[in-house]
Amino acid sequence: MGSAAELRVYRARFSSIAFAWVACAGFLVVGLSMVTIGPSQRGGVGNVVVGTLVLLLSAWLGSVLATNRLIVTAAGLVCWNNLRRRHIGWPEIRSFGVGPGRSKMRWPCLVIHLDNGSVTVTNVGSFTTTYPARVAGELSALQRELAAGSPPGADRPEGESS
């Protein structure tokens with residue numbers, strides 16, 4: 001990929017993860033209040049220990065929410081999910097689609113069909129199929145462009161970006 005404009009990053013819709021961000025902020029406030037009260041107040045040292053654990057939970061949840069994404073590169077896709085990274089090369093990918101997620105709610109999400117199975121990308125999902133279908137369409141078009149041998153965006157005039 002020649003320019004930074006062609007690098008694409010997909011994340012879950014904010015409406016899908018808003019509750020998780022609110023919970024993260026709530027844990028932060030509760031943890032800070034428990035730690036700043038100190039052991040001299042009611043609750044003693046246990047209050048500080050539990051507050052520290054709640055702060056660590058808030059930091060972990062925030063880092064998971066901030067890093068969950070799908071990055072498109074010239075070599076393939078990099079899928080970050082729960083602080084784990086997986087690289088999927090373009091030659092491995094057969095197609096893209098929309099399917100149910102792995103959670104109990106089964107929200108629609110992006111499904112990458114590979115030569116040896118499929119990968120469900122739950123961090124590119126939403127309450128409806130609209131967003132995952134749009135992402136699947138964009139990735140399919142990009143895959144066709146790469147397969148045709150033309151670099152992405154080669155049909156655009158010089159200096160124009162998407």
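Figures for the structure shown
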{"item": "Check on L110, of a type in the set (A, V, I, L, M), in a helix (DSSP H, G or I), touching a helix residue (DSSP H, G or I) at 6+ places or on another chain (Cβ under 6 Å) and surrounded by 13 or more Cβ atoms within 10 Å (Cβ to Cβ)", "result": "no"}
{"item": "Any hit, the stretch 81-91, residues being free of Cβ contacts under 8 Å to residues at least 40 places away in the same chain, closer than 22 Å to D115 by Cβ, assigned to a helix (DSSP H, G or I) and in contact with an Asp or Glu (Cβ under 6 Å, 6 or more places away or on another chain)", "result": "no"}
{"item": "Members of the stretch 115-143 found to be at pLDDT 80 or above and of a type in the set (S, T, N, Q), listed by number", "result": "N116, S118, T120, T129, T130, S140, Q143"}
{"item": "Close pairs from the stretch 115-131: first charged (D, E, K, R), partner at pLDDT 85 or above, Cβ under 8 Å, at least 6 apart", "result": "D115/E92; D115/R94"}
{"item": "Among (1) in contact with a helix residue (DSSP H, G or I) (Cβ under 9 Å, 6 or more places away or on another chain); (2) assigned by TED's automatic domain parsing to the domain that holds L142; (3) part of a helix (DSSP H, G or I); (4) of a type outside the set (K, R) - the single one T36 does not satisfy", "result": "(2)"}
{"item": "Filter pass, S118 being outside any loop (DSSP other than H, G, I, E, B) and polar (S, T, N, Q)", "result": "yes"}
{"item": "Single unsatisfied condition, K104 versus (1) assigned to a loop (DSSP other than H, G, I, E, B); (2) modelled with pLDDT of 90 or more", "result": "(2)"}
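The values are calculated or read from the model by the stated rules, or taken from the named source; none is laboratory data. The shown structure was predicted, so the numbers you read here are calculated from the model rather than taken from an experiment. Counting neighbours? That spans all protein chains shown, and the Cβs are built from the backbone with ideal geometry, glycine included.
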